[in-house]
Amino acid sequence: MTQVRLVPYFEGTNRRIPDRRSPAGHHFEKLGFQGGDVLQQVNGLDVSTPDKMYTIFQNLKDEKKVTVSILRQGQKSTLTYEIR
């Protein structure tokens, strides 16, 4: 997490991943995200507000597995990561 700076972008309830032209977009792409993906949940928790996202981010340090629910081009998808 030292290579990626997560800056929430909220427009209504959209939490969009930056595209690859931005510095953060390249790192997100390596994790399987695509520019324009909309973050919906992390480990089953809604990320609809900056406060919720901050709380989830703080709790990730203790997790061994992270599941991210996204909306990509109108289709729901889930990305799962094991943290070592």
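The values are calculated or read from the model by the stated rules, or taken from the named source; none is laboratory data. Because the structure is a prediction, the values reported are computed rather than measured. Quick reminder, even Gly has a Cβ in these numbers, built from the backbone with ideal geometry, and neighbours come from all protein chains shown. Ligands, DNA and RNA are excluded from the accessible area calculation, which covers all protein heavy atoms including side chains. Shrake-Rupley method; radii C 1.70, N 1.55, O 1.52, S 1.80 Å.
Looking at the range 29-84, which of its residues are of a type in the set (S, T, Y) and open to solvent by 60 Å² or more (accessible area, probe 1.4 Å)?
Selection gives Y54, T55, T78, T80.
Could you list all residues from the range 39-70 that are more than 11 Å from the chain's Cα centre (by Cα) and closer than 23 Å to E29 by Cβ?
L60, E63, K65
Okay, residues lined up against (1) at pLDDT 55 or above; (2) touching a Gly at 6+ places or on another chain (Cβ under 8 Å):
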residue: R5; (1), (2): no, no
residue: I17; (1), (2): yes, yes
residue: G32; (1), (2): yes, no
residue: G36; (1), (2): yes, no
residue: N43; (1), (2): yes, no
residue: D46; (1), (2): yes, no
residue: Q58; (1), (2): yes, no
residue: V68; (1), (2): yes, no
residue: K76; (1), (2): yes, no
